[in-house]
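Notes for the one structure printed next.
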Amino acid sequence: MKKWIALLLAAMTAFTVIGCGGDPDVSTNQPIDIGVATPAPETSTEPEQESGLGLVQAAAPIGMVDAAAVHTVGLRADGTAASAGHDTKGQRKVSDWDNLIYIAAGEAFTAGVKNDGTVVLAGDASAIDVSGWSNIASIAAGKAHLVGLKADGTVVAAGDNSASQCDVSAWSDIVAVAAGNSFTLGLTAAGTVVSAGSADASAWKNIIAIDAGGEVAAGLVNDGSAVAIGADAASLSGLSGIAAGGFGIVGLKADGSVSAVLTGEADLSAAANVADAAVGTNHVVFMHKDGTVSACGANDDLQCAVDQLYLRPHVEAGADAASSYIIGFHPGMTVADAGAILKAITGSENACFTKADGSAATDTDLIATGLLACSDPSAPIATVVLMGDVNGDGLIDNTDGDLVQSYVESKSKLEGAFARASRACADNDWTKVVKVQATLHGEEGGFTTLNDINRSVAGMVAIRDYAAGNGRITQYGDWHKNASELNANYNTAYGENDDTIGYITLDKTNIAYPIMVDYNGKWYYNDHTFEKKSSESASIYAYYYNYQQNNVVTGHNSRPSGSMFHQLHHIQEFNLGESNCVHEKHCGKELVDLPNLNNYAERVWTVNLYGVETRYEIFAMYETKAGCDISETLYDNVWWGDLRPSDKAGVQKWIDKQLSLSEMQFDTTVTTEDTFLTIFTCGNEHSDASKNARLYFFLKRVD
């Protein structure tokens with residue numbers, strides 16, 4: 001799909017350079033218009049000063065990124081948030097945010113501006129009091145302080161003020177703000193910069209954009225050059241945007257390319273068609289014009305693991321425009337508003353929407369499923385899908401839910417974009433299918449989450465919850481992610497054997513297998529291969545048919561061959577200090593170059609489960625010994641039978657048990673709201689399968 005979009009973009013006309021040499025699609029992380037009038041610059045009879053630029057607050061960004069020390073955040077064009085990296089202090093707890101117009105990442109916190117001018121916080125932000133803030137247009141996050149720019153050009157700040165970085169109450173006529181570890185900058189309408197805290201940028205003139213982070217600050221001069229504090233920007237020229245942080249400075253150019261001055265090595269080869277950039281402590285993030293995201297630099301905390309993020313409406317490519325779908329528009333958005341986004345994505349000022357009869361959609365029409373998105377009236381790109389809008393009227397209500405139910409029960413015709421719109425569930429909504437099994441067919445286990453019909457069943461419940469005001473429909477179709485090798489392996493395996501429900505590949509091991517399930521409940525894959533041949537090694541398989549709060553995957557400890565899940569023991573033993581596999585009779589291999597679970601990036605395992613690529617972090621690991629009580633270990637650990645927790649207290653008891661028994665202590669927080677993955681195999685003792693010895697890895701979902 002990325003290749004298809006890249007070809008599309010290459011064929012489009014580049015943006016016309018406007019204003020002070022700027023690209024209208026290149027975000028400079030400036031403030032956005034939230035519907036509150038910004039005062040016009042005052043007129044004067046005095047001679048115009050050299051720096052009198054008359055700047056105003058920037059228009060709303062169509063998607064944006066920001067970066068900190070160990071995490072990355074993104075603002076989607078539909079007002080929701082996405083994130084990547086390490087959730088050390090809860091700074092990634094942003095997935096339920098909506099109606100956002102701006103986002104910023106501090107060292108261990110995240111802040112977002114809502115369209116009502118208020119601010120929301122996640123992570124280590126207890127010292128940042130924004131309860132009295134209102135009329136906020138944009139924000140900037142320092143190490144431990146937050147700055148808010150109001151629509152009237154005044155500024156507020158909260159948090160750490162040890163260097164007087166929050167002393168901004170006297171500022172006025174400000175059009176943009178930026179913040180570093182212990183300083184704050186404000187860009188005035190005149191193109192000058194005011195400062196508070198440890199940095200002084202008062203000598204800067206003719207500035208049209210600013211950014212900062214760490215000990216670095218940068219300003220974009222109206223001639224396309226740059227000035228900086230904490231870095232040397234003399235080599236940067238021909239710029240239309242600027243991004244700065246502890247890792248250095250990135251200059252954005254009107255053609256979507258970048259130039260950079262960084263303090264460390266980073267591969268900038270993916271920096272093409274860039275619409276926005278952010279510089280963290282040791283990494284750089286790019287949002288491309290098509291809304292995809294890439295990153296480079298340090299990735300020890302998976303802060304660069306952004307390949308599955310979409311921040312703008314994106315195309316799911318088919319054979320032609322009718323079978324290609326563009327998803328990600330916000331419910332209630334007019335064609336005029338959606339058209340501005342489409343122009344930014346395609347690079348064409350002639351981008352438009354047409355109706356099924358070929359007539360042009362009017363600016364006041366609602367964006368709706370079935371409209372055709374075009375780069376110009378004669379060049380269709382893809383059919384619009386508004387998730388949940390199954391009847392194509394631009395609304396999401398119970399009539400859409402009724403249409404889905406009719407489709408599922410009577411097999412009535414629901415095809416193309418309308419069928420795609422019915423699958424209005426995120427991957428973590430798939431458990432909703434359980435709620436409607438009896439309603440539709442009266443049979444428990446009547447549905448799984450692998451095929452499109454059952455995604456529509458889950459979508460039906462999401463639609464009805466949304467109509468009742470009890471939920472949110474993800475417009476980015478989260479279950480359909482970017483192409484990856486893992487997803488490709490799953491798709492190939494599923495095409496060969498439709499008992500495949502996922503794929504597991506663990507770096508630095510020989511574990512690379514499809515995950516199977518026996519829908520007849522007879523544990524077929526406990527002694528059969530993927531090819532359905534009888535075998536002692538058998539397959540990797542799941543306990544459950546559907547996505548659960550605790551998802552369980554197991555496989556044999558094939559010691560003689562070293563295959564299947566035997567190398568889980570190598571990981572365990574390597575991390576407990578062993579130099580060779582302790583099972584000397586059949587293995588005894590030297591333990592080198594295995595995942596180091598003390599490193600966050602190596603204890604996060606990416607697994608395709610139930611058709612969705614998801615990251616999970618290990619929070620406990622231990623091996624039970626032969627002779628243990630099977631009801632206290634195996635059955636309880638996998639939530640089997642009567643031992644399934646029935647309330648949060650039961651889940652917390654289960655969490656506490658795993659943490660207390662873990663052979664390693666991990667710096668992570670586990671809650672009853674988490675989704676879990678339990679991976680286990682037989683112990684390393686002789687005949688241990690019949691004696692209940694097992695090796696367990698317990699993981700929580702982190703994206």
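Potential lengthening of the chain between Gln549 and Asp267 amounts to 97.7 nm, from the contour at 0.36 nm per residue minus the alpha-carbon distance. Using the Cβ-Cβ distance between Asp129 and Thr362 with R0 set to 41 Å, the FRET efficiency from 1/(1 + (r/R0)^6) comes to roughly 0.35. Rg of the Cα atoms in the stretch 493-568, relative to 2.2 N^0.38 Å, amounts to 1.04.
Rounded if a/c is under 1.5, else prolate if a/b is larger than b/c, else oblate: which is the stretch 289-422, with a ≥ b ≥ c the root eigenvalues of its Cα gyration tensor? Oblate shape, in that a/c is at least 1.5 and b/c is the bigger or equal ratio. Stretching Ser484 away from Thr399 to a fully extended chain increases their span by 27.0 nm, per 0.36 nm per residue minus the current alpha-carbon distance. Here Ala59 and Lys589 are evaluated by their C-beta separation; at R0 = 51 Å the FRET efficiency comes out at 0.25. Exposure check, 1.4 Å probe, all protein chains in place: His528 carries approximately 40 Å² of accessible surface.
When its C-alpha radius of gyration is set against 2.2 N^0.38 Å (N residues), the stretch 240-289 gives a value of 0.99. Subtracting the Cα-Cα distance of Thr505 and Asp152 from 0.36 nm times their residue separation leaves 121.8 nm of extension gain.
For the stretch 320-398, the square roots a ≥ b ≥ c of the C-alpha gyration tensor eigenvalues yield an a/c of 1.5 or more together with a/b exceeding b/c, which makes the shape prolate. Per residue, the average separation of C-alpha pairs within less than 8 Å and at least 6 apart gives the chain a relative contact order of 8 percent.
Residues in the chain average 39 Å² of solvent-accessible surface per residue, probe 1.4 Å, ligands and nucleic acids excluded.
Restricted to Cα atoms, the chain shows a radius of gyration and a Dmax of 26.9, 94 angstrom. For the stretch 145-194, pairs of C-alpha atoms spaced more than 14 angstrom apart make up 40 percent of the total. In plain terms, if you count all Cα to Cα distances in the stretch 267-336 and split them into 5 Å steps from zero, the share in each step is 4, 15, 20, 19, 16, 12, 8, 5, 1 percent.
Computed over the chain, the per-residue total of -39500 (n - 2.57) for DSSP H runs of n ≥ 4 gives a 222 nm mean residue ellipticity of -4500 deg cm²/dmol, rounded to 500. Seen against the Cα atoms of the chain and their longest principal axis, helix 2-11 is set at about 30 degrees. Rounded to the nearest 10 degrees, what's the angle between the helix 452-467 long axis and the longest principal axis of the chain, both from Cα atoms, 0 to 90? On a 0 to 90 degree scale, this one is about 50. Once backbone amide H atoms are built at 1.01 Å from N, Ala176 has Leu187 as its partners under 5 Å, excluding neighbours fewer than 5 places away on the same chain. Phi-derived couplings, Karplus 6.51 cos²θ - 1.76 cosθ + 1.60 at θ = phi - 60°, listed residue by residue for the stretch 249-262: 10, 10, x, 9, 10, 4, 8, x, 8, 9, 10, 9, 10, 10 Hz, with x used for Gly and Pro.
Out of the total accessible area of the stretch 462-618 (probe 1.4 Å, heavy atoms of protein only), what percent is carbon and sulfur? That fraction is 43 percent.
log10 I(q)/I(0), Debye, Cα-only the stretch 137-227, no solvent, q = 0.11, 0.15, 0.23, 0.25 Å⁻¹? The Debye formula, applied to the Cα set alone, gives -0.24, -0.46, -1.08, -1.26. The phi-based Karplus calculation (6.51 cos²θ - 1.76 cosθ + 1.60; θ = phi - 60°) puts the 3J(HN,Hα) values of the stretch 120-135 at 10, 10, 9, x, 7, 10, 5, 8, 9, 9, 10, 4, x, 6, 8, 6 Hz, whole numbers, x for Gly and Pro. Solvent-accessible area of the stretch 69-195 (1.4 angstrom probe, protein heavy atoms only): carbon and sulfur portion equals 43 percent. With angles folded into 0 to 90 degrees, how steeply does helix 335-346 sit against the dominant principal axis of the chain? Use alpha carbons for both and round to 10. For helix 335-346, the angle is close to 80 degrees.
The values are calculated or read from the model by the stated rules, or taken from the named source; none is laboratory data. Remember, it's a predicted structure, so these values are computed and weren't measured experimentally. With ideal geometry, Cβ positions are generated from the backbone for all residues, glycine too; neighbour counts draw on all protein chains shown. For the accessible areas, the whole protein counts, side chains as well, though only heavy atoms, and no ligand, DNA or RNA atoms are used. Shrake-Rupley method; radii C 1.70, N 1.55, O 1.52, S 1.80 Å.
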